[in-house]
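See below for the structure under consideration.
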Amino acid sequence: MSTHAERLARFAAELRFGDLPAPVVRFTENLLVDWFGSTVGGQGARPVQSIARFVQAMGPTDGASEIVALGRGSSPWGAAMANAAASHVAEQDDVHNGAVFHPATVVFPPALAVAQAVGASGRQLIAACVAGYEVGIRVGEFLGRSHYKVFHTTGTAGTLAAAAATGSLLGLDAARMRHAFGSAGTQSAGLWEFLRTAADSKQLHTAHAAGAGLMAAYLAQDGFTGAADIFTGAQGMAAGMSHDADPARLTDGLGERWATAETSFKWHASCRHTHPAADALLAVVRQHGLQPGDIAQVVAHVHQGALDVLGPVTDPRTVHQSKFSMGTVLALVAQFGHAGLTEFERDYRSAPTQALRERVSMVLDPEVDAAYPRRWIGKVTVTTTDGRSLHGRVDEPKGDPGNTLTRDEIAAKALRLAAYSGTVAPADMQRALDRLWQVADWPRTPWLLERA
């Protein structure tokens, strides 16, 4: 009997564009465009610029792989690092609920960089990205809820996702793909402690995952060996990083269940754990015509993962930290109907926002917690200043597969992100989007924006 690691490696190595159902191809195109918007939107952020400067200092500065929105080239490793950091900072990149994992930010950066370097077609790029999504999501599901309590799954499972996508483009066979997984898994890292002090580590998590997974695949191509069973070995990932790992999730429905198409798009520019409650509160506000001054208290009924990640953020001191504050997010939603980039930048520390933030609390809800992570239910109880108790609920927050974004909404979101960062002119952004929608027809993967 082959191991889970062998079966997963064989799947990633042998997956081809022709194996993909048409709806999965179309959905992957949507994910690519959505990722591109987040990458452009994040390029102006200080931690992203720091990582980009590091990459350029390490060289080369004229490589074949594009650092998006900077108009400069680097090695595949350097471009993957820089773009992975950029695409995660605006908190608008996609998420897979069941894995509690952000696939785009660790899959598209290495895949695009390698595809540009080796001259892969758009169809090869799509197949590689689906391989990355399928592997990364399953590794996240395998590691379980206990893993996420301490580890940032996008940083840990992300190394495997990046290795799968890169290995696909490099043409690794199943044996070498398994070696790539071993080398990627041993580099898995990312701890949540940074949230307590608003540190920049979240961008380092994605940059490192993209770069480490890419390196693992290139090393495997050269004959470098990795652990044979990095997942369930006696001193592997499950042993060191989880108390509830489920190995069966690693190969669940390979080739039949397309986890890629289960991915959610993010509507609000904040941690995904805030979205269900934000949408539930928005439903109450709209149904009852509430103004911010009508709200005396909001109780968000949440799962344990939300308490673990959001609980430490009680007095956010930066825009990015505020995106992990349930009180701030709900305060912005109550005031503006949306917690977007502009609202955070302008109002996260305003007096009205802080006053509303102090009226928000979170409580563990048995129903919500039992459904998590497969379903992210949103429930709130709102007490009004005139004594009413109002309840709101959403079973699929905006962006979830059953309430997904249209292509027009994805494109509009990408244009808003570009306008926010100011790094790409509107006409250039529109041309890039038009090109991206045609990815399946590319004979060779181009740069997405003009060179500087």
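Quick notes on this one:
- Alpha carbon centroid spacing (whole Å) that separates region 241-314 from region 143-166: 18 Å
- Accessible area (Å², 1.4 Å probe, nearest 10) - residue 77: 80 Å²
- Contour excess over end-to-end distance, with Cα ends at residue 286 and residue 384 and 0.36 nm allotted per residue: 33.9 nm
- Neighbour cut-off at most 16 other Cβ (10 Å), DSSP loop, GluC sites (Glu not before Pro), region 173-282: 256
- Heavy-atom accessible surface of the chain: percent carbon and sulfur, 1.4 Å: 52 percent
- Accessible surface, region 348-452, averaged per residue in Å² (probe 1.4 Å): 52 Å²
- Cα-based shape type of region 154-311, given that a ≥ b ≥ c are square roots of the gyration tensor eigenvalues and the cut on a/c is 1.5: prolate
- Förster radius 25 Å - calculated FRET efficiency between residue 409 and residue 451, Cβ distance, rounded to 0.05: 0.25
- Evaluated at q = 0.18, 0.26, 0.28 Å⁻¹: base-10 log I(q)/I(0), Debye formula over Cα of region 298-345: -0.54, -1.02, -1.11
- Whole-angstrom gap from region 319-343 to region 45-96, using each part's C-alpha centre: 27 Å
- Prolate/oblate/rounded call for region 204-290, Cα gyration tensor, a/c under 1.5 rounded: prolate
- Taking Lys and Arg as +1 and Asp and Glu as -1, the other residues whose beta-carbon sits under 14 Å from that of residue 443 total +2.
- Straightening the chain between residue 370 and residue 431 buys 17.5 nm, computed as 0.36 nm per residue apart minus the Cα-Cα spacing.
- Three-way shape label, region 35-116, alpha-carbon gyration tensor, a/c 1.5: prolate
- Across the protein chains, with a 1.4 Å probe defining accessible surface, the residues 320, 208, 147 rank 208, 320, 147 from largest area downward.
- Farthest towards the positive end of the charge dipole of the chain, among the residues 402, 124, 194, is the Cα of 194, using unit charges on the Cβ of Lys, Arg, Asp and Glu.
- Charged-residue dipole, Cβ positions (Lys, Arg, Asp, Glu), region 311-452 about Cα centre, Debye nearest 20: 220 debye
- Reported to the nearest whole Å, the Cα centre-to-centre distance from region 358-419 to region 202-216 is 30.
- With both labels modelled 7 Å from their Cα along Cα-to-Cβ, the residue 16 to residue 314 distance reads 5.9 nm.
- Correct option for volume of the Cα convex hull per residue in Å³ [calculated from the coordinates] among (1) 138; (2) 155; (3) 125: (3)
The values are calculated or read from the model by the stated rules, or taken from the named source; none is laboratory data. What you see is a predicted model, and the numbers here were worked out from it, not measured in a lab. Neighbour counts run over all protein chains shown; Cβ positions are idealised from the backbone, glycine included. Calculation scope for accessible area: heavy atoms of the full protein, side chains included, ligands and nucleic acids excluded. Shrake-Rupley method; radii C 1.70, N 1.55, O 1.52, S 1.80 Å.
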